[in-house]
Every structure is written in C-alpha cells, then in structure tokens.
Amino acid sequence: MERIFRPTKWFVAFCALLVLIWGLYQLVAHLRVENDARQAAEEIFAWTWPDKSWDSKAQIARTCVRTRKAAESTVLVEGSQLLTRQPYGGTMPETQRFDMKAILTFYRSGDSWVLGRVELP
C-alpha cells in the first residue's frame with residue numbers, strides 16, 4: 001500500500017509555528033487578565049476616610065489566574081494592605097500592615113473583562 005500523505009519539513013515547521021503562536025496568545029491573554037485583576041484590587045483596597053484620618057493602600061504581591069473560560073475568569077490576588085492613621089496634633093502617623101487575599105471574578109464584555117464579583121476568603 002502506498003503512502004498518500006508524507007509530511008515535509010515545511011509542513012512540520014508550519015505546525016510548530018502555529019502551536020507557538022497559539023501558546024503565546026494564551027500567555028498574553030493570561031497576562032492581560034492578571035493585569036486587570038491587579039488594577040482592580042488596588043482600586044478596591046485603596047480608600048480614604050478623611051473624618052477619622054484613615055488612609056488605605058494596597059501592595060499587590062502576586063496574581064494568579066485560577067480559571068479562564070471564554071466568558072468568565074477567576075483570579076487569585078494576594079498582597080498586603082497598609083492602613084495609615086494620622087493622629088491629631090501632627091505626631092507621627094501610625095501604620096499597620098495586614099495580609100490580604102481576594103478572589104476576583106471577571107466576565108467578558110465585548111473585547112474587555114469586567115469585574116463581576118469579589119470574594120474575600
């Protein structure tokens with residue numbers, strides 16, 4: 001029996017290039033969702049309360065995509081939250097650091113991801 005199809009080096013190279021491009025696309029998609037999660041977490045955990053002289057800032061240490069589907073993505077965000085209180089009388093501000101962890105769920109809306117849910121485990 002005669003072989004009908006014989007892969008050439010050009011066909012193998014084309015398939016390898018196609019797999020490489022697909023892998024890079026998946027990497028960029030993960031990085032984009034992680035960047036959106038980092039920005040959303042910084043906005044969620046950064047706030048001010050001027051009447052009581054409280055100020056909060058977030059330092060994100062790690063983001064990790066847990067699941068990513070066509071229309072939904074969940075990202076684990078870990079870091080620390082810095083709470084600063086400026087006492088009356090101009091003395092040194094008091095700063096406290098707390099570990100924080102959040103699970104952010106994003107939903108696809110057109111070409112962008114929209115934050116839909118925040119869970120604090």
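Every number here is computed from the coordinates shown, using simple stated rules; none is lab data. Remember, predicted model here, so these are calculated numbers, not experimental data. Cβ sites come from the backbone with ideal geometry, for glycine too, and all protein chains shown count toward neighbours.
Structure notes:
- Cα-based shape type of the chain, given that a ≥ b ≥ c are square roots of the gyration tensor eigenvalues and the cut on a/c is 1.5: prolate
- Counting only Cβ charges, +1 for Lys and Arg and -1 for Asp and Glu, the dipole size of the chain around its Cα centre is about 580 debye.
- Whole-Hz ³J(HN,Hα) from phi, Karplus 6.51 cos²θ - 1.76 cosθ + 1.60, for the stretch 7-22, glycine and proline x: x, 9, 5, 6, 5, 5, 5, 5, 5, 5, 5, 5, 5, 5, 5, 4
- Spatially proximal aspartates and glutamates relative to Lys52 (Cα-Cα < 17 Å; intrachain offsets below 8 disregarded): Glu94
- Whole-Hz ³J(HN,Hα) from phi, Karplus 6.51 cos²θ - 1.76 cosθ + 1.60, for the stretch 54-68, glycine and proline x: 9, 9, 10, 9, 10, 10, 7, 9, 8, 10, 9, 6, 7, 9, 9
- Burial ordering of Ile21, Ile60, Ile4, fewest other beta-carbon atoms within 10 Å first: Ile4, Ile21, Ile60
- Phi angles of the stretch 29-45 translate, via the Karplus equation with coefficients 6.51, -1.76, 1.60 and θ = phi - 60°, into HN-Hα couplings of 5, 5, 5, 5, 5, 5, 5, 4, 5, 4, 5, 5, 5, 5, 6, 5, 8 Hz per residue; Gly and Pro are given as x.
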